[in-house]
Structures are given as C-alpha cells and as structure tokens.
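Remarks on the structure that follows.
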Amino acid sequence: MTTIQNMKTEIELILEAKIIEAVKSLYEVEVPKQAIQIQNTRKEFTGDFTVVVFPLLRWSKKSPELTAEMIGDFLLENEIEVDGFNVVKGFLNLELRNGFWPTQFQEIYDNPEFGRSVINNEDPCLVEYSSPNTNKPLHLGHIRNNLLGYSVSKILEANGHKVVKTNIVNDRGIHICKSMLAWKKWGNNETPETTCIKGDHLVGKYYVRFEQEYRAQVGSLINGGMEKPEAEKNAPLLQEAHDMLRDWEKGDTEVIKLWKMMNDWVYAGFDITYKNLGVDFDVIYYESETYKLGKKLVEKGLGKGVLFKKEDGSIWADLKDEGLDEKLLLRSDGTAVYMTQDLGTAVQRYNDYHFSDHVYVVGNEQNYHFQVLKLILKKMAYPWSDHLFHLSYGMVELPEGKMKSREGKVVDADDLIEEMIDTARVMSEELGKLDGYTEVEKNSIYRKVGLGALKYFILKVDPKKSMTFDPRESVDFNGNTGPFIQYTYARINSLLKKADERSIEWKNVSPGDVVMSDKEKDLVKLIRHYKFVIKESSKSLNPALVANYCYDLVKEYNQFYHDYSILREENQDFKVFRLQLSAMTGRVIKSGMELLGIEVPEKM
RNA sequence: GGCUCCAUAGUUCAAUGGAUAGAAUAGCGGUUUCCUAAACCGUAGAUCCAGGUUCGAUUCCUGGUGGAGCUACCA
C-alpha cells in the first residue's frame with residue numbers, strides 16, 4: 001500500500017540532517033540517509049532519541065564510543081534542540097531541551113485531526129471482506145474476517161485513502177443447491193416465521209441435513225462394495241444437487257423461485273449479524289450476477305489464445321510457465337467455478353470504480369486461489385492486476401482443534417456475540433458501578449463492553465497468524481483486553497467531567513512553563529507515536545499494531561493516573577497540563593479504538 | 001510427493017537487524033479515609049535444533065525437527 005504523509009517537520013528529520021552534517025564536518029564524508037539510525041530511547045536509559053552509531057564506524061574509523069562522543073559534542077554545539085547526551089556502548093542518547101516536549105504536546109493537543117491524513121487520492125481503494133456463502137450462518141472465522149475488513153477500511157481512511165467497503169455474496173453454486181434440495185425433500189415448508197428460527201440458521205440446518213443424508217448414502221454405497229471416491233461422486237443426492245445447479249443456470253422457474261426465497265431468508269439473518277457486529281458495506285456484489293461476466297471473459301481469453309480447451313469441452317488456464325499447475329475455469333458442462341466468478345467480479349469492480357488498490361480480506365487457505373487470480377488477470381492484460389492485495393489471515397482454532405462446519409462443530413457468530421454481552425452484564429452487575437442508570441443506558445454499555453472484549457481479543461493478534469480462540473480467555477475483562485482500555489477511557493471521561501463540574505478552566509488555556517516528570521514525558525512520547533502507528537498499520541494492513549498500541553498507551557496512562565494527583569494538584573499549570581494530557585490520551589484511545597471498530601463507553 | 005506459512009514463559013500474545021526478549025493470564029506477595037481497584041506495585045518463569053552472514057540475529061540465509069494450509073469439474 002502506498003501512504004503519503006507529510007512528516008517534514010519531524011524532529012527526526014532535523015536530527016538526521018544535523019547528524020549528516022556532523023559526519024561531514026568530522027570525517028569529511030557525505031553519508032547516505034540510510035546510514036543514520038534514529039530511534040526512541042528505551043525507557044531504561046536517559047535521553048529522548050538514540051542514534052545508533054555502528055553503521056557510521058566505517059567512515060569514522062574510530063571506536064563506537066568515541067564516534068558517539070564526537071557526534072554528541074557536535075550536536076550539542078550546533079543543534080539548539082539538543083541539550084545533553086550520554087553514550088552507552090555504540091548508542092548515543094540525545095537529551096532534548098526542556099521546552100521541547102511541552103511544545104510538541106501543545107501542537108498535538110491543538111490539532112483536532114491528530115494522527116489522521118486528509119484524502120490524497122481520488123481513486124478509491126476497494127476492500128472486500130466478509131464474503132459469506134448463503135448456505136449457512138456466520139461463524140467465528142467470519143467474525144475475524146469481518147472485523148479485519150472493517151478495521152482495515154477505517155485504517156486506510158485515516159491514512160487519506162478513499163475506501164469502498166465491498167462484499168461478495170457467494171449466492172450461487174453447489175453449496176446452496178444442497179441446502180435447497182434438503183429443504184425441498186425434508187423441509188415440510190418450514191419458514192423462519194413458522195419456526196421462529198433466524199433465516200440463516202434455518203437454511204444452515206438444511207445444509208447440515210444434506211450432509212448427514214449424503215454421508216449415509218455414501219456409507220451404504222461403500223457397504224455395497226463401491227470404492228469410497230466412487231461412492232462420494234455417485235451418491236444420488238449429490239447427483240440431484242448437480243442437476244439442480246444446472247437447472248438453476250438454465251433459469252428454471254421453480255428452482256429460481258426456491259433459490260430466491262431461501263437466499264432472502266439468509267440475507268435477513270446476515271443483516272442482523274452484521275448490525276450486531278457493527279460492520280457495513282458500501283456496495284454488495286452477487287456472484288449470481290458476476291459469474292456471467294466471468295464466463296464471457298473466459299470465452300474471450302479462449303479466443304485470444306490465453307486459455308485453452310480440453311477434449312471434454314472444459315476450459316483451462318495453463319500456468320505451468322509461472323511455476324503453477326493448470327487451472328480449471330469452466331466445467332465441461334459449461335457451468336462456472338469459483339475462479340470464473342472472481343474473474344468476473346474483479347473486472348466488474350474495476351469498471352465500476354477504477355480502483356487504485358483492491359484489498360481482498362480472505363483466509364490463508366486461499367493463498368493459491370489469489371495467486372492464480374492475479375496471474376490470469378495479468379495474462380489477460382489487465383494492468384491493474386498488480387494492484388490486487390490478498391490480506392491473507394490465519395485460521396481461528398478452538399482449544400480442541402479446528403472448527404468443522406460440516407460436522408456442526410463451529411462457534412456460531414450470533415451465539416458468541418450474545419454470550420459476550422451477557423458476560424459483560426454479569427461482570428458489571430457484580431461490580432455494581434452502574435446502579436442508578438436506566439436499563440437502556442446499561443444495555444448500551446453492556447453491548448459496548450461485550451463486543452469490545454470480543455473485537456479486541458481477535459484484532460490484537462497479527463492477522464497473518466493463526467490464532468486460538470479460548471472462550472474462557474475471551475470473556476476475561478482484565479489485563480490486555482478491550483474492556484481494560486474502555487475502562488481507562490471511562491475513567492478519564494469521569495475525571496474531565498469532574499473538572500468541568502468544579503469549573504476548572506483547562507481546555508483552552510496554555511499551561512505555561514511545565515516541567516514534565518519522566519512519566520509525563522513518556523506519555524507525551526507515546527501519544528506522539530500514534531501517527532507512526534497509524535501509518536505503519538496501513539502499510540502492513542495490520543490492525544493488531546493499533547490494538548497493541550492502545551494497550552501500551554493505556555498501561556502507561558494508568559500508571560500516571562495512579563501515581564499523580566490531577567484534580568488535587570495545587571500548582572495550577574501542572575493541573576491544567578495533566579488534565580490536557582488526560583484528555584489527549586482519551587482522544588487517542590477513542591480514535592484508536594474507532595479504527596478497530598470498537599466503541600468506548602463514557603462510563604462503566 | 002510438490003508448493004506456502006508458522007514455531008518465543010505453563011497458556012494466550014508482543015518485539016522497523018540493535019542496548020538487560022516485553023505484556024497478559026495462571027502462581028506467590030502487597031496497595032483502597034484520596035480523581036472509578038474492570039486499577040496499581042513486587043516476585044518467579046521463554047526465543048524448536050544445528051550451522052552460516054553481521055560489530056550485533058527472535059528477526060536474514062542453509063539444513064533438520066514439529067505443526068498448519070493448499071495441491072477439487074466444492075466455494
């Protein structure tokens with residue numbers, strides 16, 4: 001991803017230039033920028049910024065310590081911001097003048113858009129996520145997908161990208177025919193209304209039913225002496241499902257009618273889940289519409305000689321030159337496969353939006369699929385194929401192993417959301433802090449906290465890594481959790497409210513000369529770091545960076561809050577500064593959590 | 001078999017090639033006449049193995065071991 005952000009006024013750049021100057025003056029060489037390593041000084045050491053001098057030794061031809069001393073001396077004399085330094089091994093720790101951090105803080109505090117960039121590219125970035133099948137309800141794996149997609153969209157926006165959130169609904173194919181067939185055979189005309197079952201769950205029930213009946217058929221065929229692969233292929237139920245798919249592609253009225261009805265049940269169900277999860281989309285594509293374009297593209301590719309046809313009439317892409325295998329694009333009976341649809345969807349989207357980049361949030365089990373998708377589009381000479389990114393995330397596993405949706409061994413999304421909110425309610429009632437609030441207020445807070453716990457638990461993990469979801473741990477609201485962060489926000493909010501109640505003037509006054517303690521300076525540094533975090537998380541499409549940052553910030557603030565008086569501080573300047581520091585921390589928490597799709601409660 | 005990814009405290013997660021590998025949780029021990037104790041402090045505990053590159057490797061390279069995924073005319 002490309003990120004444009006104006007960082008020219010940064011102290012790092014000033015120091016970098018000065019160090020280049022120092023080296024030039026001391027050793028008479030012009031060193032490249034890459035050789036200048038500046039990092040934040042680690043807390044154990046004294047100083048604000050640290051220059052790593054090892055890369056400079058080849059020019060200085062002196063020991064690390066001496067090189068550091070010489071550069072330190074030069075900076076002390078020639079750079080007004082540098083007030084002192086110390087050298088530890090090859091590390092030159094620079095100490096900045098007293099006024100530096102207060103000034104930095106005021107700049108940050110006065111900038112209401114701190115951390116965010118203005119839109120700098122009119123062509124949007126498309127983010128596809130969710131991508132459900134319409135044959136079963138959403139589960140834990142989808143939750144990770146949805147949270148990642150939504151959060152990545154927010155993060156890209158914060159970095160100045162226009163974003164179009166999109167969804168592709170896999171509403172056609174053999175999977176939905178399985179549910180349809182099972183409902184037709186054993187459904188007794190059940191509907192969400194007659195059963196009071198959420199539509200997606202009802203359809204899912206028949207998908208499971210199909211699998212059960214199918215397994216039974218395969219079993220009896222094997223008992224009859226058939227080999228397993230043969231039996232799996234020839235089971236009458238599967239044949240019937242395939243017949244149904246062919247009828248569907250032909251436009252058979254009966255089949256289409258059934259298909260529409262059942263899909264509508266599912267959509268109504270999904271809408272509820274999406275709403276509860278707090279995610280949404282700007283545009284939704286349906287494979288039942290894009291697969292036709294996909295088929296046309298395949299025909300076109302065949303005509304151009306980019307693709308080839310086998311004797312049985314199936315159409316393939318030959319990717320052996322690219323180190324991959326042959327890939328089927330159209331079955332011998334002329335029906336489309338997954339790849340056909342995705343080709344069509346991609347082209348359709350480019351025609352619709354002229355996107356600058358397109359992010360696909362899809363599980364890592366489809367790495368091969370996206371590799372192939374890009375290659376085929378490239379072969380077909382679409383220049384934008386280089387701008388497709390597969391945000392490949394790892395599986396969510398349960399402590400007892402993998403989820404298996406065919407066996408019904410899944411954590412259902414709706415159940416999980418409800419459980420989290422319930423747990424939040426129980427915890428909160430035990431603590432009794434919301435006594436006196438209305439039911440509506442309380443429920444709103446339970447929701448925020450329960451979902452905050454769930455979302456943070458999932459988003460704090462690096463997307464590309466597979467993760468273990470332990471229900472017991474996910475409902476923990478202490479430690480490195482969403483509620484811990486929310487709690488800190490609520491505390492800050494309460495503090496500021498008290499300040500206002502006591503008519504303390506703090507919002508728009510300058511605190512004058514403040515000598516910051518180390519703790520306060522650490523907090524300011526960490527707040528300042530937020531914009532780097534946003535930038536980096538956008539570059540790497542990684543919300544976990546934001547999540548872990550929020551935690552670090554809150555941890556730091558809690559220590560400050562514990563050790564320092566704020567409202568009781570007698571020095572007016574210090575009091576104002578600490579209130580502003582608290583308010584700023586709150587703003588960053590809220591902003592960061594927003595990027596994760598997590599709401600923060602005003603009290604809890 | 002081939003390709004890809006992963007391996008860090010008991011457990012769940014961190015660590016742009018940099019200083020003494022951080023947290024959380026579970027364990028043990030503390031803090032509340034005071035701005036929300038869903039908090040804070042202390043204690044103990046880890047880089048799969050063997051080489052290599054480097055001033056410096058959890059990070060990069062090679063080999064091994066262990067695990068996951070893909071390799072479907074399913075999506």
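The values are calculated or read from the model by the stated rules, or taken from the named source; none is laboratory data. Model, not experiment: these values are computed from the prediction. Reconstructed Cβ throughout: ideal geometry from the backbone, glycine too, with neighbour counts over all protein chains shown. Keep in mind that these areas ignore ligands, DNA and RNA; they rest on the heavy atoms of the full protein, side chains included. Shrake-Rupley method; radii C 1.70, N 1.55, O 1.52, S 1.80 Å.
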Exercise for review: Can you send over the solvent-accessible area of A:Leu328, 1.4 Å probe, protein chains only, in Å² to the nearest 10?
Suggested key: 50
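Divide by every residue of chain A the summed helix terms, -39500 (n - 2.57) for each DSSP H run of at least 4, and state the resulting mean residue ellipticity at 222 nm, rounded to the nearest 500 deg cm²/dmol.
Values: 21 runs with 333 residues, N = 604.
Estimated from H runs of four or more residues: -18000 deg cm²/dmol.
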Practice item. Evaluate the charge dipole of segment A:372-478 about its Cα centre and quote only its size in Debye, nearest 20, assuming +1 on the Cβ of each Lys and Arg and -1 on the Cβ of each Asp and Glu. Key: 940
Check your understanding: Relative to the first principal axis of the alpha-carbon coordinates of chain A, what is the inclination of helix A:199-223, with its axis defined by its Cα atoms, in degrees from 0 to 90 and to the nearest 10?
Key -> 60
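Note down the magnitude of the dipole of segment A:500-544 about its Cα centre, charges +1 on Lys and Arg C-beta and -1 on Asp and Glu C-beta and zero elsewhere, to the nearest 20 debye. Mind dumping the intermediate values first?
On the way: 9 positive and 8 negative charges, 75 e Å.
It works out to roughly 360 debye.
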Practice item. Check cross-link reach from A:Lys61 to the lysines: straight Cα distance under 29 Å, and skip same-chain residues fewer than eight apart. Key: A:Lys18, A:Lys24, A:Lys33, A:Lys89
Review point. Expressed as a fraction of 2.2 N^0.38 Å, the rule-of-thumb size for a compact globular protein of N residues, what is the C-alpha radius of gyration of segment A:400-480?
Key: 1.26
Study note, to complete from the structure: Heavy-atom accessible area with a 1.4 angstrom probe orders A:Thr46, A:Thr195, A:Thr166, most exposed first, as A:Thr46, A:Thr195, A:Thr166
Practice item. Taking the convex hull of the Cα atoms, report for chain A its projected area averaged over all directions, in nm². Key: 35.1
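Placing +1 at every Lys and Arg Cβ and -1 at every Asp and Glu Cβ, with all other atoms neutral, what dipole size does chain A have around its Cα centre, in debye to the nearest 20?
That gives chain A a dipole magnitude of about 880 debye.
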Review point. So which lysines pass the test for A:Lys497, namely a Cα distance under 18 Å, with those fewer than 8 places away in the same chain ruled out?
Key: A:Lys433, A:Lys507, A:Lys575, A:Lys590, A:Lys603
Review point. Does segment A:375-534 come out rounded, prolate or oblate by the C-alpha gyration tensor, with a ≥ b ≥ c the root eigenvalues, rounded set by a/c under 1.5 and, if not, prolate when a/b is larger than b/c and oblate if not?
Key: oblate
Review point. Which of A:Thr67, A:Gly219, A:Leu416 sits farthest toward the positive end of the charge dipole of chain A, with +1 on the Cβ of Lys and Arg and -1 on the Cβ of Asp and Glu?
Key: A:Gly219
Exercise for review: Report the label-to-label distance for A:Asn78 and A:Asn480 in nanometres (one decimal), using points 7 Å from each Cα along the Cα→Cβ vector.
Suggested key: 4.3
Practice item. Could you please report the charge total around A:Ile272, scoring K, R as +1 and D, E as -1 over all other residues with beta-carbon less than 9 angstrom from its beta-carbon? Key: -1
Point to revise | Entries of A:Lys154/A:Lys460; A:Lys154/A:Lys448; A:Lys442/A:Lys555; A:Lys184/A:Lys260; A:Lys185/A:Lys260; A:Lys154/A:Lys374 with Cα pairs more than 20 Å apart | key: A:Lys442/A:Lys555; A:Lys154/A:Lys374
Check your understanding: segment A:57-124 to segment A:128-160: how many Å between their Cα centroids?
Key -> 39
Review point. Tell me, what is the 1.4 Å probe accessible area of A:Met70, in Å² to the nearest 10?
Key: 50
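In what order, largest first, do A:Ser537, A:Ser392 sit by accessible area if the probe radius is 1.4 Å?
Largest accessible area first, the list is A:Ser392, A:Ser537.
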Check your understanding: Farthest toward the dipole's positive end in chain A, which of A:Phe105, A:Val514, A:Ser537, given Cβ charges of +1 (Lys, Arg) and -1 (Asp, Glu) about the Cα centre?
Key -> A:Ser537
**Study point:** Lys/Arg +1, Asp/Glu -1 at C-beta; chain A dipole; positive extreme among A:Ala235, A:Tyr382, A:Val152
**Key:** A:Ala235
Review point. Angle, helix A:236-250 long axis vs. longest principal axis of chain A, Cα atoms, 0 to 90°, nearest 10?
Key: 80
Exercise for review: Give the long-range amide H neighbours of A:Leu398: residues separated by 5 or more places, or on another chain, with amide H under 5 Å away, using H modelled in the peptide plane at 1.01 Å from N.
Suggested key: A:Met403, A:Phe469
Exercise for review: Considering only protein heavy atoms, with the full assembly of protein chains and a 1.4 angstrom probe, order A:Thr103, A:Thr585 by accessible area, largest first.
Suggested key: A:Thr103, A:Thr585
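Could you check what % of the DSSP bridge pairs in chain A are antiparallel, to the nearest 5? Kindly include the intermediate steps, with their values, before the conclusion.
On the way: 24 of 46 bridges.
In chain A, approximately 50 percent of DSSP beta bridges are antiparallel ones.
Given segment A:315-389, what whole percent of its Cα pairs are spread farther than 22 Å? Please list the in-between numbers first.
On the way: 606 of 2775 pairs.
In whole percent, the long-distance tail amounts to 22.
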Revision key, fill the gap. For segment A:445-510, dividing by residue count, accessible area per residue (probe 1.4 Å) in Å² works out to 47
Exercise for review: Figure the gain on full extension for A:Asn367 and A:Glu441 (residue separation times 0.36 nm, minus the Cα-Cα span) and round it to one decimal in nm.
Suggested key: 22.2 nm
Check your understanding: Per-residue accessible area for A:Trp384 at 1.4 Å probe radius, Å² rounded to 10?
Key -> 20
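Viscosity 0.890 mPa s, temperature 25 °C: what is the translational diffusion coefficient of segment A:34-87 from Stokes-Einstein with a Kirkwood Rh over Cα pairs, rounded to a whole number of µm²/s?
Numbers: Rh = 11.7 Å.
Value of D from the Cα-based Kirkwood radius: 209 µm²/s.
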Review point. Using a basic spin-label model with each label point 7 Å from the Cα along Cα→Cβ, how many nm lie between A:Leu302 and A:Thr194?
Key: 4.3
